[in-house]
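Some notes on the structure that comes next.
The values are calculated or read from the model by the stated rules, or taken from the named source; none is laboratory data. This one's a predicted model, so the numbers in the text were calculated from it and none came from an experiment. Reconstructed Cβ throughout: ideal geometry from the backbone, glycine too, with neighbour counts over all protein chains shown. Accessible surface areas use protein heavy atoms only, side chains included; no ligands, DNA or RNA. Shrake-Rupley method; radii C 1.70, N 1.55, O 1.52, S 1.80 Å.
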Amino acid sequence: MAGLNVRFSDEELDPLRERAAAEGRRMQAFAHDAVVAAVNEHSRLFNEAADHVLKASAELNRRLA
């Protein structure tokens, strides 16, 4: 499995450490899941926007075809 080193300032790391501890999780697992969730959410939002544009422009595309 590939790894990734990410650097945090003390101001960034403290809330991460606290949140992971509050959930009873290791910081590495918490950070991993947060990054994966952010990537998935970005993809979901992009796909929703693309669907919206396609639906909104469907009539124009039909007339131009």
Open item on the list: With the structure loaded, tell me whether residue 39 is at pLDDT below 95 and in contact with a helix residue (DSSP H, G or I) (Cβ under 8 Å, 6 or more places away or on another chain) or whether it fails that test.
Closed with: no
Task: First in the stretch 13-25 and touching a residue at least 40 places away in the same chain (Cβ under 8 Å) and in a loop (DSSP other than H, G, I, E, B), second anywhere and surrounded by fewer than 13 Cβ atoms within 10 Å (Cβ to Cβ) and aliphatic (A, V, I, L, M), Cβ under 9 Å, 6 or more apart - done: none
Open item on the list: Considering only residues that are among the charged types (D, E, K, R) and under 20 Å from the mean Cα position of the chain (by Cα), which ones fall in the stretch 18-51?
Closed with: 19, 23, 25, 26, 33, 41, 44, 48, 51
TODO: Inspect all residues belonging to the stretch 52-59 and state whether any of them is of a type outside the set (Ser, Thr, Tyr), in a helix (DSSP H, G or I) and under 18 Å from the mean Cα position of the chain (by Cα).
DONE: no
TODO: For residues that are among the charged types (D, E, K, R) and either open to solvent by 100 Å² or more (accessible area, probe 1.4 Å) or touching a residue at least 12 places away in the same chain (Cβ under 8 Å) (or both), tally how many sit in the stretch 27-39.
DONE: 0
Open item on the list: On the basis of being modelled with pLDDT of 95 or more and open to solvent by less than 80 Å² (accessible area, probe 1.4 Å), does residue 24 make the cut?
Closed with: yes
